[in-house]
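Colleague: Once you've had a glance at the structure underneath, I'll fire off some questions.
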Amino acid sequence: MNGSGTAPAVPRPAYRRMGVEQRRSQLLAAALGLFAHRAPEDVTLDDVATAAGVSRPLVYRYFPGGKQQLYEAALRSAADALEGCFDEPEAGPLTQRLSHALDRYLAFVDEHDAGFSALLQGGSVVETSRTSAIVDEVRRAAADRILQHLGVPEPGRRLRMTVRMWITAVEAASLIWLDEEKNPELDELRDWLVDHFVALLTSTAASDPQTAQVLRRALALETREGRLGVLARGALPVLGEAGHLL
């Protein structure tokens, strides 16, 4: 209380004049930060305004469609970030390129932890056909980038399904990792997912000539010190015990 018997006013963040795109980006960043840690239905426009240090009417000025429009825009922003995770120079061992992409992808999951499911996996009351399409676009874009890294402009059904299965596995593993309180460590999870991709390619190559050719090209670029060398030294002794199957 002050001398007049009233509570002192809480200082409000100073309003800063910004350009249209800069202000929109600021509001999206504030919304994405909130959606990252709370379910979209639990976030209000007042929450976004407070986080951005602006008024509620200003949020409406940029997103007249209300929270649904803001959520879709934030989801689009997150989708763009995730699609960018798979942008990697097409040079060097395949497992190394996948590791770099996964480092970026898993860093995003780690940063947005509790809200990863709400942001990218659906299950929210604000989910629509448009938000589902945005999420599916991320999956397809990731698969297309990996096929580019495999050097296959016209992948057959088996190879295409193998890559898409792995993308689904990466998403599922990310959610399970969050549910397991972020265990194991990120680098261990990354290596495990790279190993899974190699295992999927290998199993498909056994019955698909195109995948077999892709795998041979990929193996030729790998080194003993790389991820595939580690995997081979760990797996071959186990497989060696199955000689009776040959």
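Colleague: Can you go through Leu45, Leu75, Leu70, Leu32 and tell me which one is modelled with pLDDT of 85 or more and under 25 Å from the mean Cα position of the chain (by Cα)? Walk me through it before giving the result.
Modeller: Details: Leu45 fails: under 25 Å from the mean Cα position of the chain (by Cα); Leu75 fails: modelled with pLDDT of 85 or more; Leu32 fails: modelled with pLDDT of 85 or more.
Result of the check over Leu45, Leu75, Leu70, Leu32: Leu70.
Colleague: In addition: Looking at Ala51 and the list (1) open to solvent by less than 50 Å² (accessible area, probe 1.4 Å); (2) at pLDDT 90 or above; (3) of a type in the set (A, V, I, L, M, F, W, C), which single condition is not satisfied?
Modeller: (1)
Colleague: Among residues belonging to segment 145-160 that are free of Cβ contacts under 8 Å to residues at least 24 places away in the same chain and in a helix (DSSP H, G or I), point out the one that is nearest to the chain's Cα centre (by Cα).
Modeller: Out of the qualifying residues, it is Leu147.
The rows are residues; the columns are (1) modelled with pLDDT under 90; (2) assigned to a loop (DSSP other than H, G, I, E, B); (3) in contact with a strand residue (DSSP E or B) (Cβ under 9 Å, 6 or more places away or on another chain); (4) not aromatic (Phe, Trp, Tyr).
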| position | (1), (2), (3), (4) |
| --- | --- |
| Ser174 | no, no, no, yes |
| Leu178 | yes, no, no, yes |
| Lys182 | no, yes, no, yes |
| Leu193 | no, no, no, yes |
| His196 | no, no, no, yes |
| Ala212 | no, no, no, yes |
| Arg216 | no, no, no, yes |
| Arg224 | no, yes, no, yes |
| Ala235 | yes, no, no, yes |
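Colleague: Taking into account only those residues within segment 191-209 that are open to solvent by 30 Å² or more (accessible area, probe 1.4 Å) and not hydroxyl-bearing (Ser, Thr, Tyr), which is farthest from Ala91 (Cα to Cα)?
Modeller: Ranking the qualifying residues of segment 191-209, first place goes to Ala206.
Colleague: Now, a different point. If Val163 meets every condition in (1) under 15 Å from Leu201 (Cα atoms); (2) open to solvent by less than 20 Å² (accessible area, probe 1.4 Å); (3) modelled with pLDDT under 95 apart from one, which number is that one?
Modeller: Going through (1) under 15 Å from Leu201 (Cα atoms); (2) open to solvent by less than 20 Å² (accessible area, probe 1.4 Å); (3) modelled with pLDDT under 95 one by one, Val163 breaks only (3).
Colleague: Which of the residues spanning segment 74-91 are open to solvent by 20 Å² or more (accessible area, probe 1.4 Å), of a type in the set (A, V, I, L, M, F, W, C) and assigned to a helix (DSSP H, G or I)? Reasoning before the result, please.
Modeller: So the first thing to find is which residues in segment 74-91 are open to solvent by 20 Å² or more (accessible area, probe 1.4 Å), and the list is 76-77, 80-81, 83-84, 87-91.
Now restrict to residues that are of a type in the set (A, V, I, L, M, F, W, C): 81, 91.
Ala81 - this is the single residue of segment 74-91 that is open to solvent by 20 Å² or more (accessible area, probe 1.4 Å), of a type in the set (A, V, I, L, M, F, W, C) and assigned to a helix (DSSP H, G or I).
Colleague: Considering only residues that are open to solvent by 70 Å² or more (accessible area, probe 1.4 Å) and either out of contact with any Gly (no Cβ under 9 Å at 6 or more places or on another chain) or of a type in the set (A, V, I, L, M, F, W, C) (or both), which ones fall in segment 210-229?
Modeller: If the condition is that a residue be open to solvent by 70 Å² or more (accessible area, probe 1.4 Å) and either out of contact with any Gly (no Cβ under 9 Å at 6 or more places or on another chain) or of a type in the set (A, V, I, L, M, F, W, C) (or both), then Gln213, Arg216, Leu219, Ala220, Leu221, Arg224, Glu225 are the ones that fit.
Colleague: Return yes or no: is Glu188 open to solvent by 30 Å² or more (accessible area, probe 1.4 Å), part of a loop (DSSP other than H, G, I, E, B) and either farther than 25 Å from Gly92 by Cα or not polar (S, T, N, Q) (or both)?
Modeller: So Glu188 fails the test.
Colleague: List the pairs whose first member sits in segment 195-209 and is over 15 Å from Val230 (Cβ atoms), whose second member is among the aliphatic types (A, V, I, L, M) and open to solvent by 40 Å² or more (accessible area, probe 1.4 Å), and whose Cβ atoms are under 7 Å apart, counting only residues at least 6 apart or on separate chains?
Modeller: Leu200/Met165
Colleague: Something else about it: May I ask you to list pairs of residues, at least six apart or on different chains, whose Cβ atoms are under 7 Å apart, with the first in segment 21-32 being over 14 Å from Arg56 (Cβ atoms) and the second being modelled with pLDDT under 90 and in a helix (DSSP H, G or I)?
Modeller: Matching pairs, first to second residue: Leu28/Ala73; Leu28/Ala74; Leu28/Ser77; Leu32/Ala74; Leu32/Ser77; Leu32/Ala78.
Colleague: Based on what the data block shows, is Leu94 crowded, with 16+ Cβ neighbours inside 10 Å and in contact (Cβ under 8 Å) with a residue 40 or more places away in the chain?
Modeller: Yes; evaluated as a whole, the condition is true for this residue.
Colleague: What is the residue count in segment 19-33 for residues that are within 17 Å of Ser77 (Cβ to Cβ) and open to solvent by 30 Å² or more (accessible area, probe 1.4 Å)?
Modeller: 8
The values are calculated or read from the model by the stated rules, or taken from the named source; none is laboratory data. Model, not experiment: these values are computed from the prediction. Heads up, the Cβs are rebuilt from the backbone with ideal geometry, glycines too, and the neighbour counts pull from every protein chain shown. To get the accessible areas, we keep the full protein, side chains included, count just its heavy atoms, and leave off ligands, DNA and RNA. Shrake-Rupley method; radii C 1.70, N 1.55, O 1.52, S 1.80 Å.
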